[in-house]
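The values are calculated or read from the model by the stated rules, or taken from the named source; none is laboratory data. Remember, it's a predicted structure, so these values are computed and weren't measured experimentally. Don't worry about glycine lacking a Cβ; one is built from the backbone with ideal geometry, like all the others, and counts go over all protein chains shown.
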Amino acid sequence: MRPCIYKVPSQMREGKPDAYTPRIVLIGLLHRSLKPKLKPSEDKKNKKKLSDDVNKKKKKKEESSDDDDAETSNRTGHLKKKTRKLYEGMEDIKKAYLAHFTDEVGEDVVKKIRGTIIAEEENIRGSYAVKFEEMTSEFFGQLILLDSVFVMEFIRRLQGRRTGTSDNMIMALSQAETVIGDLFLLENQLPYFIFDKLFGVYYETLRHLGQQLLKLFSPHIKTRSNTSFDHFTDMFRCVYVQSLDRSPKLNDLSGAAIRDMNNAVNLSLAGVEFKAAIPLNSPTEDRIHRQSSRNQELLDSLPISVKINEVDEYSLHMEFEKGCLVMSSFRVDVASDKILRNVVAYEQCHGLTPFTSNYIRFMNFLITSDGDVDILKKAGVLTQCMGRASLTLEMVNKLTVGLTESTTSQYHSIAVSLQAHYQSRAKRYWATLKKVYFTDLWTGTATIVAILILVMTFVGTVASVIQTYISLYPLQPYANSIII
């Protein structure tokens, strides 16, 4: 089986290590040495309700790490005690979720699921680019069981799929938001096929598990119903790639990679207008969409805002026509930064068409100064900006750290058109005229009035000159007679 879950290359990780490292929950095999030691029989114990103080248990004595701890330390640095405590707290929640899942479906079903995991062990292991020969089948089976049940139960609970679930089983709101972010990280994945094999028979709604997770992250993003993907990071890549379908030209990679392009300030001076594909200036768009159900109130309380109107913030779409560059809104926040970085890492590791990487390069040509940020923010292209323009500029520019050079770009024709527009002297002169004399209604009105006054003054001056000339040189009267 071809690997689809990778360690992020060191040259990319160095740009922003925290963007690739789980903050609270560890999923899958790549971070296994960071997990507390698991006992194979632990899921048969402690079938009790998760209490409110599940994360306030006594500090556990740190146990010796596996042989690959040195490598893990090089990748993630020395874990702070607080971070390790968070990981351990989430392992307790995993066990509680498994206990409740067992109570719901029965011991026999759990044994059958465990058997399926062992039967698929080779395929699951093959999904990881790193090999784990030293990991026993017993440990492997327990780890995959805990992680897969946790992911499924977490999503189902937050979406209100389960009735009668108490709040303490959902976990704190701040934790829930952090878990959602961790589930999209490339190194923190389970192969997606295992969810259907393990739980598809028992839960019909599981077929839409990926869509449910996307809605938790942002309520309006989705993939086509027949989309297949390897894991949750790949699912978000599909969201980006499918957004290109709105303009068939953007699926054409016959154009060369962009080597040079003017920034937003220079293009604006040449008359290029920037517009968001979906305006974000409506006051209703920042309101929280609330429903009466208890679980929906929980979702509304998450720091990830739920907007009423559909927005286009996870899209690679753009088009240039009649001097206007229309682009999808680009979110500039920590969550989007993580998503883009991990999607790009997956693109590069898996050898996929670099659609997302090309988008990041295009944005880096466009945004090179604080002035570029201000122009695009005013146009609604940049949203959720990180305070000062310099912070936004830094975040966008750092996205290119570790990117491999691409030989093609879906935005090649747009870049060529933008450069041609910029190099047109007539367009630059007209743009300057518009910016100086017609920037708004009042300035435009004043300019027109001034022109009328100037014309009327000129006409009056010409009339006065003619009148003066006539008074100085009166016309001679015609002769009264004609000499024959």
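Summary of values
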{"item": "Test: residue in segment 450-457 that is in a helix (DSSP H, G or I), within 23 Å of Lys338 (Cα to Cα) and modelled with pLDDT of 85 or more", "result": "no"}
{"item": "Check on Leu366, in contact with a Leu (Cβ under 9 Å, 6 or more places away or on another chain), farther than 26 Å from Ser174 by Cβ, at pLDDT 95 or above and not charged (D, E, K, R)", "result": "yes"}
{"item": "Residue match in segment 351-368 (condition: crowded, with 23+ Cβ neighbours inside 10 Å, more than 20 Å from Ile258 (Cα to Cα) and out of contact with any Phe, Trp or Tyr (no Cβ under 6 Å at 6 or more places or on another chain))", "result": "no"}
{"item": "Residue satisfying all of: in segment 356-404; assigned to a helix (DSSP H, G or I) and among the small types (Gly, Ala, Ser); farthest from the chain's Cα centre (by Cα) among these", "result": "Gly371"}
{"item": "Segment 59-102 - residue that is at pLDDT 75 or above and β-branched (Val, Ile, Thr) and, of those, nearest to Asp18 (Cα to Cα)", "result": "Thr83"}
{"item": "Failed item in (1) surrounded by 16 or more Cβ atoms within 10 Å (Cβ to Cβ); (2) under 25 Å from Thr407 (Cβ atoms); (3) not aromatic (Phe, Trp, Tyr), with Gly271 passing the rest", "result": "(2)"}
{"item": "Cβ pairs under 7 Å, 6+ apart, first in segment 313-337 and in a strand (DSSP E or B), second surrounded by fewer than 17 Cβ atoms within 10 Å (Cβ to Cβ) and among the β-branched types (Val, Ile, Thr)", "result": "none"}
{"item": "Selection within segment 97-133 - within 18 Å of Lys7 (Cα to Cα) and either of a type in the set (Gly, Ala, Ser) or outside any helix (DSSP H, G or I) (or both)", "result": "Gly126, Ser127, Tyr128, Ala129, Val130, Lys131, Phe132, Glu133"}
{"item": "Members of segment 328-347 found to be farther than 19 Å from Ala276 by Cα and surrounded by fewer than 19 Cβ atoms within 10 Å (Cβ to Cβ), listed by number", "result": "Val334, Ala335"}
{"item": "Residues of segment 233-262 that turn out to be modelled with pLDDT under 90 and over 30 Å from Ile375 (Cα atoms), as a count", "result": "2"}
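One line per residue, one yes/no per condition, for (1) surrounded by fewer than 20 Cβ atoms within 10 Å (Cβ to Cβ); (2) assigned by TED's automatic domain parsing to the domain that holds Lys94; (3) modelled with pLDDT of 90 or more:
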residue	(1), (2), (3)
Glu138	yes, yes, yes
Leu158	no, yes, no
Asn188	no, yes, yes
Thr205	yes, no, no
